[in-house]
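Scroll down for the structure; my scribbles are underneath it.
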Amino acid sequence: MFDQFLQGSSTGQIAKQLNYEHIPTQRGHYWWSSTIINILRNINYTGDMLCQKTYRDDQYHRHFNQGELAQYLIEEHHPALVSRKNFNKAQELLKQTAQQRNIESGSHKYQQHYLFSGKIICGHCGSTFKRQTRPNKICWACQKHLHSAKLCPVKPVPEKSIQNAFCTMMNKLIFSRKFLLSPLVQELKEHFNDPDGELGRLTNQIKANDQKAETLMNLVKEGLIDKGLYINQTAELEQSTHQCQQQIKQINSNNTDNANKPGRFS
């Protein structure tokens with residue numbers, strides 16, 4: 001994949017060829033352009049190992065780690081399949097392609113390619129909607145539905161309907177700004193409190209965990225501690241950071257609930 005990509009093949013062409021040759025993914029699925037991109041961005045193929053690339057939330061749903069938790073790089077963890085030189089070339093080429101298509105790197109969505117790009121999420125399967133130009137009209141459709149109606153039953157929606165719904169909601173918010181939005185913001189400011197300084201303590205704990213993790217990374221790079229101890233210590237720090245983040249969310253949720261109690265605006 002790396003060789004073909006560096007020789008000029010697009011990720012879509014690589015995926016199409018694999019599907020044409022009936023070569024399944026590791027889990028037996030079809031290849032997508034996004035699947036190829038994820039492989040090309042995977043630093044593990046260079047022999048290094050990046051820990052904590054994804055994480056699970058309270059409902060055990062997996063998410064890409066976009067800075068919510070610290071990440072740790074262990075160099076020369078295993079034999080390399082791709083040279084660092086070719087890997088770096090692939091990253092530059094991916095970056096250039098993303099800039100040409102107005103795609104925000106690492107966000108898995110378009111920046112401003114179209115007005116609703118990256119903003120319409122399928123309520124049934126969670127996939128992002130894709131803009132489609134059809135005879136005499138433009139629609140937005142779930143990407144899984146486009147591949148197969150069996151994967152998602154949600155049908156395409158005319159762009160005109162989405163525009164009308166968006167304008168209607170914006171008009172309602174603008175009309176009610178004086179009576180709803182402004183008082184709500186003021187109430188939140190007045191009733192948001194942290195009497196015991198718990199938020200500050202939790203925030204400082206997260207910062208301290210990040211500093212400790214960075215120190216551990218430097219120590220393992222210099223060979224001053226073994227990788228087993230490094231992994232155990234960083235796992236404890238990640239768990240501590242996650243607990244702090246959950247407590248912060250709970251405090252913020254409690255303050256929001258208090259601001260939204262009945263009678264606030266009577």
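The values are calculated or read from the model by the stated rules, or taken from the named source; none is laboratory data. Quick caveat, the model's predicted, so the values are computed rather than measured. Heads up, the Cβs are rebuilt from the backbone with ideal geometry, glycines too, and the neighbour counts pull from every protein chain shown. When the accessible area is computed, the model is the full protein with side chains, heavy atoms only, and any ligands, DNA or RNA have been set aside. Shrake-Rupley method; radii C 1.70, N 1.55, O 1.52, S 1.80 Å.
Whose amide H sits under 5 Å from the amide H of Asn65, counting only residues 5 or more places off or on another chain, with H placed in the peptide plane?
Those lying under 5 Å, H to H, from Asn65 are Thr54, Tyr55.
Please report the orientation-averaged projected area of region 202-251, defined via the convex hull of its C-alpha atoms, in nm².
Details: hull surface 12.2 nm².
Across all orientations, region 202-251 yields a mean hull projection of 3.0 nm².
Would you mind checking which residues have amide H under 5 Å from His77's amide H? H placed 1.01 Å from N; only 5 or more apart, or other chain.
Asp48, Met49
Determine, for each peptide in 235-243, 172-180, 217-225, the mean count of other beta carbons within 10 angstrom over its residues, then list the peptides with the highest first. Don't skip to the answer; put the middle values down first.
Working: 235-243: 16.0, 172-180: 11.0, 217-225: 13.1.
Most protected by this proxy first, the peptides run 235-243, 217-225, 172-180.
List every residue whose amide H lies under 5 Å from the amide H of Lys130, counting only residues 5 or more places away in sequence or on a different chain, with H placed 1.01 Å from N in the peptide plane.
Counting only residues 5 or more places away or on other chains, the set is Ala141, Cys142, Gln143.
Provide Tyr114, Tyr20, Tyr45 ordered by accessible surface of protein heavy atoms (probe 1.4 Å), highest first. Can you show the working numbers first?
On the way: Tyr114 95, Tyr20 170, Tyr45 70 Å².
Most to least solvent-accessible, the answer reads Tyr20, Tyr114, Tyr45.
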